[in-house]
Structures are given as structure tokens and as C-alpha cells.
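Q: Attaching a single structure in C-alpha cells format; questions to follow.
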Amino acid sequence: MRNPLDPAKLHAAIENVHRAGVPGLFAEVRDGDQVWRGAAGVADVATDRPVTADMRHRIGSVTKTFTAAAVMQQVESGRIDLDAPIAKYLPELVPGERGDAITVRMLINHTSGLAEYLPYAYPSLRAFPVLADTGPQSLDDHRFTRFHPTELIEMGVTAPAFAAPGGTPGLYSNTNYLLLGQLLEQVTGTTPERCITQNVIERAGLRDTGFPADPYVHGPHSQIYEAWFGMIDPPRDYSVYDMSWVGPAASLISTVADLNRFFGMLVAGEIVSRSSLAQMQRTVQVVSQEGRTIDYGLGLHPMEAPGQDTFWGHGGTVWGGGTLSMIRADGGRQMSVAVNLQRWNRLDPSGRPQPHPIDAALAALYQVAMYG
């Protein structure tokens with residue numbers, strides 16, 4: 001018999017993350033009919049307004065799972081061929097031989113070889129992933145910049161390729177998911193945001209999830225604080241931000257309850273078919289934005305967790321905000337966590353992020369949440 005949820009231990013674990021240095025965080029853990037929601041810390045360091053577990057939050061790249069699900073629905077309907085070249089649909093965005101070589105599947109699992117556009121859109125990040133040579137200036141420069149997705153896609157497509165199409169390990173790249181957004185628009189005749197809203201968000205009955213219409217998070221929410229590896233001290237509030245810099249790759253706003261509902265329905269075959277879910281769970285090796293090699297499927301990846309269980313889900317960050325959502329493969333125990341601080345690790349003399357007490361406290365929270 002698996003361990004039941006232990007509210008006292010969960011509360012202690014989430015408080016420990018706050019004490020380790022996160023201003024505020026909130027979470028929901030589920031196991032069958034058992035549900036625990038908790039929060040610790042403040043939503044605003046200036047006023048000490050507390051965080052609550054029902055707050056809306058920018059979920060970053062967890063958006064990719066929603067976008068991948070919307071694409072898989074179009075595959076099921078016959079409008080998209082998963083192994084067709086992207087040039088079949090968007091020849092002007094990925095021209096030439098690469099457009100013929102990169103398939104839709106390669107975009108979803110990040111094996112297209114296309115570069116990440118972000119260092120080109122944000123010049124102070126140009127040296128990324130050499131963190132010591134980056135700076136946070138561009139974050140402020142682009143707070144209200146309205147990017148067009150094709151402008152960002154062109155930056156990624158014209159930048160030096162990471163690898164040949166289909167090669168592994170691939171490179172985790174937002175360029176891939178902006179292209180998937182344009183693909184959805186091409187085959188459905190509506191914006192990717194509207195397509196994902198109608199076919200995924202509304203289908204799942206998510207009442208507090210949606211794409212932002214402006215730079216603000218509407219409804220109850222926390223301020224979110226970016227430290228950029230200690231270069232912003234004290235961390236700065238980036239809760240007001242134009243999210244066109246990531247669009248269908250990372251701009252969704254949601255709640256921990258909605259995320260758990262979504263992932264629960266996804267692994268139950270209620271968002272895409274069981275066969276589509278099986279495709280989403282076929283993994284390849286991909287180099288993450290942190291430079292680690294991970295296994296990645298189609299908008300889903302297996303999570304590292306102590307023990308023998310397999311968990312599926314996705315994590316996400318925006319400037320100041322972080323989210324992690326995972327569910328056991330059998331649809332049982334699941335967790336979604338939102339934190340209002342990002343890139344808290346300072347750099348050592350060689351430019352690598354140093355361990356921080358927050359890392360260990362979060363790992364302990366995940367252990368208690370998923371195993372008791």
C-alpha cells in the first residue's frame with residue numbers, strides 16, 4: 001500500500017522551501033480522492049501579502065505540453081502528419097534543405113537542430129549558456145516589447161544550427177514550439193492561442209488557465225522575482241511582462257489545481273488518444289537549457305524522482321516565476337508547485353551555479369509530495 005498524503009509533513013516541507021529563501025510558493029498534491037493544497041511565504045515582499053494555493057501563475061514551458069497536445073489532436077484528425085517535413089506546411093519559415101529534413105515530430109521533441117532564438121532577441125544574454133558573461137539588462141529593455149512570432153523564428157532559423165535535423169542529443173529550443181504555433185495556425189485557420197484554448201484548455205474544463213491578452217496577470221496572483229544568478233540583488237519584480245517573447249512555447253497562466261487536472265486527464269487519455277499519449281512518451285536525448293542531457297518525448301518528459309516509480313510532466317520558468325507539474329505514470333500521485341523566485345543560485349569563480357539551500361529544500365518537498 002502506498003503512503004497516503006501527510007498534511008503535516010507537506011506543510012513542513014513547503015515551509016522549509018520558504019525558509020531556504022523563496023519569498024513565496026504554493027502547491028497542490030493529489031492521490032486519488034486525496035487532495036492537499038498548501039502555501040508558504042509572501043506574494044509581495046514589499047507588503048508581506050501572503051501567497052495562497054489558488055493563485056494564478058505564469059507556468060512557463062509547461063505550456064509546451066498544452067501545445068504538443070493540440071498538435072497531436074490535429075494529427076489524430078489527419079490535418080497534420082507527424083513525420084512530414086515542416087516545409088510541407090511552412091516552407092517560407094524553414095526554407096531550403098532544412099525545411100525538407102525537419103519533421104513535425106522533430107520540432108515537438110527538440111531534435112530539429114534549430115538554435116534557440118532567445119540570446120538573439122535578448123542581447124545581454126548573447127553569451128548564454130556561459131552565465132558569467134550574461135547580464136539581465138535585456139529583461140528590462142523588453143518588458144513591454146511586442147514580438148511577432150515569425151520575427152523570433154527567423155532569429156532561431158538563421159542562427160548557427162545546433163545539429164543536423166534528427167540528430168541526438170537534440171537541443172531544447174523555444175524556436176521549435178513557436179514553429180508549432182504557426183503550424184497550428186496554418187492548419188486550423190485560427191491563432192495558436194485560440195486553437196489551444198478551444199481544443200485543450202476548454203476541453204479539459206480548466207477555468208483559471210489561459211493565454212495573457214496583455215502584460216498583466218489578472219485575478220489573484222503573486223509578484224515574481226528574478227535574481228539572474230545574483231546579478232539582480234535584491235531580486236526584481238517581473239510579474240508585469242509582455243509574454244510575446246515566448247507565445248505558445250511558454251506564456252500560459254494557470255493554477256496548480258488546473259495543472260493537476262490537465263495532467264490527470266492527459267495520462268487518462270481524455271485530452272489525446274491513448275496511442276497519441278504513447279507517442280508523447282517515446283523519448284529521445286535532448287540538451288536542456290541548463291546544459292544537462294535529459295530524456296524528452298513530445299511535450300512531456302520523465303521526471304527524476306527517487307524510488308522506482310516513473311513520473312511524467314514538465315517544468316517551466318519565466319523571468320521571476322517557476323512551475324513544476326508531474327504525475328505518476330499510472331495516473332495516481334501527482335503534484336504541481338509554483339515558486340515566485342528564479343535563478344537564485346549565485347555563480348562560482350568558474351561561472352557555474354553554486355548549490356543553494358533552496359535546491360535541497362525543493363527536492364525534499366518533491367520527495368514528501370510524491371512518496372510521503
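Q: Select from segment 168-190 the residues that are touching a residue at least 60 places away in the same chain (Cβ under 8 Å), over 19 Å from Val318 (Cα atoms) and polar (S, T, N, Q) and list them in ascending order.
A: Of everything in segment 168-190, those that are touching a residue at least 60 places away in the same chain (Cβ under 8 Å), over 19 Å from Val318 (Cα atoms) and polar (S, T, N, Q) turn out to be Thr168, Gln182, Gln186, Thr188.
Let's see how each residue does on (1) over 19 Å from Thr63 (Cβ atoms); (2) surrounded by fewer than 20 Cβ atoms within 10 Å (Cβ to Cβ):
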site	(1), (2)
Asp100	yes, yes
Ser124	yes, yes
Ala132	yes, yes
Arg143	yes, yes
Leu152	no, no
Pro160	yes, yes
Pro165	yes, no
Leu171	no, no
Tyr177	no, no
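Q: Of the conditions (1) surrounded by fewer than 24 Cβ atoms within 10 Å (Cβ to Cβ); (2) in a loop (DSSP other than H, G, I, E, B); (3) out of contact with any strand residue (DSSP E or B) (no Cβ under 7 Å at 6 or more places or on another chain), Ser244 satisfies every one except a single condition; which number is it?
A: Condition not satisfied by Ser244: (2).
Q: Would you pick out the residues in segment 347-366 that are farther than 16 Å from Phe229 by Cα, touching a residue at least 60 places away in the same chain (Cβ under 8 Å) and surrounded by fewer than 20 Cβ atoms within 10 Å (Cβ to Cβ)? Outline the logic, then answer.
A: Of the residues in segment 347-366, the ones farther than 16 Å from Phe229 by Cα are 360-366.
Now drop any that are not touching a residue at least 60 places away in the same chain (Cβ under 8 Å), which leaves 360-362, 364-366.
Matches in segment 347-366: Ala360, Ala364.
Q: Looking only at segment 267-284, count every residue that is surrounded by fewer than 15 Cβ atoms within 10 Å (Cβ to Cβ) and not charged (D, E, K, R) and tell me the total.
A: 5
Q: More than 23 Å from Lys88 (Cα to Cα) and touching a strand residue (DSSP E or B) at 6+ places or on another chain (Cβ under 6 Å): does that describe Gly205?
A: Numbers: more than 23 Å from Lys88 (Cα to Cα): yes; touching a strand residue (DSSP E or B) at 6+ places or on another chain (Cβ under 6 Å): no.
Spelling it out, it is not the case that Gly205 is more than 23 Å from Lys88 (Cα to Cα) and touching a strand residue (DSSP E or B) at 6+ places or on another chain (Cβ under 6 Å).
Conditions (1) among the aliphatic types (A, V, I, L, M); (2) assigned to a loop (DSSP other than H, G, I, E, B); (3) in contact with a strand residue (DSSP E or B) (Cβ under 6 Å, 6 or more places away or on another chain), marked per residue:
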| residue | (1), (2), (3) |
| --- | --- |
| Pro215 | no, yes, no |
| His218 | no, yes, no |
| Asp233 | no, yes, no |
| Ser239 | no, yes, no |
| Asn260 | no, no, yes |
| Leu266 | yes, no, no |
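Q: Which ones in segment 192-207 are touching a residue at least 24 places away in the same chain (Cβ under 8 Å), buried (at least 19 other Cβ atoms within 10 Å of the Cβ) and not aliphatic (A, V, I, L, M)?
A: Initially, segment 192-207 is screened for residues touching a residue at least 24 places away in the same chain (Cβ under 8 Å), giving 192-193, 195-196, 199-201, 203-207.
Filter again for buried (at least 19 other Cβ atoms within 10 Å of the Cβ), leaving 192-193, 195-196, 199-201, 204, 206.
Selection gives Pro192, Glu193, Cys195, Asn199.
Q: Kindly indicate which of His110, His148 is within 21 Å of the chain's Cα centre (by Cα) and on the phi > 0 side of the Ramachandran plot.
A: Values: His148 fails: on the phi > 0 side of the Ramachandran plot.
On inspection, the qualifying residue turns out to be His110.
Listed here are the residues, each with its yes/no results for (1) under 30 Å from Asp233 (Cβ atoms); (2) in contact with a Phe, Trp or Tyr (Cβ under 8 Å, 6 or more places away or on another chain).
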{"position": "Thr134", "(1), (2)": "yes, yes"}
{"position": "Ser138", "(1), (2)": "yes, yes"}
{"position": "Thr145", "(1), (2)": "yes, yes"}
{"position": "Thr150", "(1), (2)": "no, no"}
{"position": "Pro160", "(1), (2)": "no, no"}
{"position": "Ala163", "(1), (2)": "no, no"}
{"position": "Gly167", "(1), (2)": "no, no"}
{"position": "Gly170", "(1), (2)": "no, yes"}
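Q: OK, next. Among the listed residues Asn3, Asn16, identify the single one that is of a type in the set (S, T, N, Q), in a loop (DSSP other than H, G, I, E, B), touching a residue at least 40 places away in the same chain (Cβ under 8 Å) and farther than 14 Å from Ser336 by Cβ. Give the derivation first.
A: Details: Asn16 fails: in a loop (DSSP other than H, G, I, E, B).
Being of a type in the set (S, T, N, Q), in a loop (DSSP other than H, G, I, E, B), touching a residue at least 40 places away in the same chain (Cβ under 8 Å) and farther than 14 Å from Ser336 by Cβ holds for just one of Asn3, Asn16, which is Asn3.
Q: Right, something else. Considering only segment 23-31, I want to know if a residue exists there that is under 21 Å from the mean Cα position of the chain (by Cα), surrounded by 20 or more Cβ atoms within 10 Å (Cβ to Cβ), of a type in the set (Asp, Glu) and farther than 30 Å from Ser112 by Cα.
A: In the first step, residues of segment 23-31 are kept if they are under 21 Å from the mean Cα position of the chain (by Cα); the result is 23-30.
Narrowing the set further to residues that are surrounded by 20 or more Cβ atoms within 10 Å (Cβ to Cβ) leaves 23-30.
After this cut, where a residue has to be of a type in the set (Asp, Glu) as well, the list is 28.
Checking which are farther than 30 Å from Ser112 by Cα leaves us with 28.
Scanning segment 23-31, I find at least one residue that is under 21 Å from the mean Cα position of the chain (by Cα), surrounded by 20 or more Cβ atoms within 10 Å (Cβ to Cβ), of a type in the set (Asp, Glu) and farther than 30 Å from Ser112 by Cα, so the answer is yes.
Q: Right, something else. Taking the stated definitions as given, is Gly41 modelled with pLDDT of 95 or more and either surrounded by fewer than 23 Cβ atoms within 10 Å (Cβ to Cβ) or not small (Gly, Ala, Ser) (or both)?
A: Values: modelled with pLDDT of 95 or more: yes; either surrounded by fewer than 23 Cβ atoms within 10 Å (Cβ to Cβ) or not small (Gly, Ala, Ser) (or both): no.
Criteria not met by Gly41.
Q: Please go through segment 194-213 and pick out each residue that is outside any loop (DSSP other than H, G, I, E, B) and among the polar types (S, T, N, Q).
A: Of segment 194-213, the ones outside any loop (DSSP other than H, G, I, E, B) are 194-201, 210.
Thr197, Gln198, Asn199 - these are the residues of segment 194-213 that are outside any loop (DSSP other than H, G, I, E, B) and among the polar types (S, T, N, Q).
Q: Considering only residues that are crowded, with 16+ Cβ neighbours inside 10 Å, hydrophobic (A, V, I, L, M, F, W, C) and either farther than 27 Å from Ala249 by Cβ or out of contact with any His (no Cβ under 7 Å at 6 or more places or on another chain) (or both), which ones fall in segment 318-346?
A: Passing the criteria: Val318, Trp319, Leu324, Met326, Ile327, Met335, Val337, Val339, Leu341.
The values are calculated or read from the model by the stated rules, or taken from the named source; none is laboratory data. Note that this is a predicted model, so its numbers are computed, not measured. Because the Cβ atoms are built from the backbone with ideal geometry, glycine has one as well, and the counts that use them run over all protein chains shown.
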